[in-house]
Amino acid sequence: MPDPIIRTAVPEDFAALSAHLDLVFAEAPSEEGQAEFRQWLEFDRTFLADDGGMIVGSAATNTYRQVVPGGATIPVGGLTIVAVRPTHRRSGLLRRLMRHHLEDVRDRHEAAGILYASESSIYGRFGFGAAVPSGEVTIGRAHGAFRREIPAPRGTYRLLELPDAGPVMRTVFAAATAATPGAIVPREQDWVARLTDHPGRREGATPWRVLVYDRDGEPRGYARYRQKDGWGDGGPEGKVMVRELHAVDGEAFAALWRFLLDIDLAVTIEAGSRPVPDPLRQLLADPRRLMEKSSDGVWVRLIDVAAALAARRYRVEGSLVIEVRDDFFEAGGRYRLSGGPDGAVCERTDAAADVSFGVEHLGSVYFGAGSVTRLAWLGLVGGDAAAIRRCDDMFSWPISPANTLHF
Ligand SMILES: CC(C)(COP(=O)(O)OP(=O)(O)OC[C@H]1O[C@@H](n2cnc3c(N)ncnc32)[C@H](O)[C@@H]1OP(=O)(O)O)[C@@H](O)C(=O)NCCC(=O)NCCS
């Protein structure tokens, strides 16, 4: 039997591709959301493994920009719908699809590939490192009181529904994420998806509600959430489930949380896609009551290392020769980086290295999370103590990376 071929998808593949994804991801087929999903996919960046006319593997790339430390954005390719038919798994199809993805990203002059992983064991071997952690917080309403010195909100609240909330959400989102490393800038079709509320996906909860906080006549923040009712022997046991919360400043952040932590009939408040650690903890009178979980979030695979390193800012001024090891693709080599808070330059060099990274570990610290010192302590980054300290001082960043756009 000849090997499956890898080919670019065409719109006529859509029905078969949807059925393939339902099969691999064990989802019940549904008509709901199909029209948006069709718009959401970039067919010229969707690769299919085709076995005599049957789709047996898929991987697609979304064309994104992502904020880096300092506020610039870099072009990135967002890998999604990675799926291999159960009858064809572990025969090297993912490996072939990954190579296609990375070549596509390189040929389009994007600096990196990014993804959310279904399992954290899969993508390290292809040079991806977990770079933008994603937090989840849970707190009982009974423990939502703020510290006494936190001032009461000075603005006002509005509750909107989708899609009416769209214009306010777009304005706040752009302002609130402009300096957040790791934030992915939504494409138009991502906004369409974000502003659509399919009844079949509510799992017994309310439609999305959008809480907007205004101050001085301007929207300063919003939170998108659902509520689920519940009744126990002692009375109401409702839940508030926050999908995203964006605020342009700390006052708006506190005001949104004050509202969400005190909604009638709710006893539990949960929120996802949170920065790690969540600054909410600093507001609470009884912070231990905030349960925080952290997951790996966005993984980054640097491809144009020089462009990626030159695009971000560094916390302190410094200069380093960084050796990058890349067993799977073409990012390996030595790079001279000189940078600081006002800008950076980076180019390939033959000079001796100060520090040496596997490409996945360089990706993992690229957005300012993680610690180079800890990686060196674990033996995962090489270099003498002074170079490691300099590298840490340069790469760390005061604003935690975060992202709420899933793909
Ligand atoms: C994950 C998946 C895409 C792997 O595809 P595949 O074609 O079987 O993978 P390959 O045969 O190309 O394997 C490549 C390598 O990855 C490893 N690998 C594949 N899936 C893995 C997993 N789930 N966990 C750990 N390692 C995995 C293989 O062992 C192989 O390792 P090696 O290079 O060291 O030999 C496939 O199992 C699948 O579709 N799973 C369900 C959907 C899913 O989780 N998709 C990922 C969405 S992010």
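Some observations on this one:
- Remark: relative contact order (the stretch 305-395) = 29 percent; criterion is Cα-Cα distance under 8 angstrom and separation of 6 or more residues.
- Charge tally in the Cβ shell below 14 Å around Leu93, where Lys, Arg are +1 and Asp, Glu are -1, Leu93 excluded: +4
- Fraction of alpha-carbon pairs over 38 Å apart in the chain - percent: 27 percent
- With a Förster radius of 45 Å applied to the C-beta separation of Glu27 and Glu347, the computed FRET efficiency comes to 0.45.
- Over the stretch 5-116, relative contact order from alpha-carbon pairs under 8 Å, at least 6 apart, %: 25 percent
- Relative to the current alpha-carbon distance between Ser120 and Thr171, full extension at 0.36 nm per residue lengthens the span by 15.0 nm.
- Fully extended contour minus Cα-Cα distance, from Thr206 to Lys293, at 0.36 nm per residue: 28.9 nm
- In the stretch 135-294, the DSSP beta bridges split such that about 85 percent are antiparallel, to the nearest 5.
- Dipole of the chain [Lys/Arg +1, Asp/Glu -1 at C-beta], most positive-end residue of Ala175, Phe37, Gln189: Ala175
- GluC sites (Glu not before Pro) within the stretch 112-173: DSSP coil, no more than 11 neighbouring Cβ in 10 Å: Glu119, Glu149
- The chain: relative contact order as a whole-number percent, Cα under 8 Å and 6+ apart: 19 percent
- For trypsin sites (Lys or Arg not before Pro), the sites in the stretch 69-131 that DSSP calls loop and that have at most 16 other Cβ atoms within 10 Å are Arg89, Arg90, Arg108.
- With a cut-off of 12 Å between beta carbons, the residues surrounding Gly135 carry a summed charge of -2, where Lys and Arg count +1 and Asp and Glu -1.
- Put a plus charge on the Cβ of each Lys and Arg, a minus charge on the Cβ of each Asp and Glu, and nothing anywhere else: the dipole of the chain about its Cα centre is then about 760 debye.
- Taking Cβ atoms as reference points and 12 Å as the exclusive limit, the residues near Val84 contribute a net charge of +4, counting Lys and Arg as +1 and Asp and Glu as -1.
Readers should treat all values here as calculations from the given coordinates under stated rules, not as data from a laboratory. Computed from a predicted model, the values in this text were never measured in an experiment. All Cβ positions, glycine included, derive from the backbone under ideal geometry; neighbour counts span all protein chains shown.
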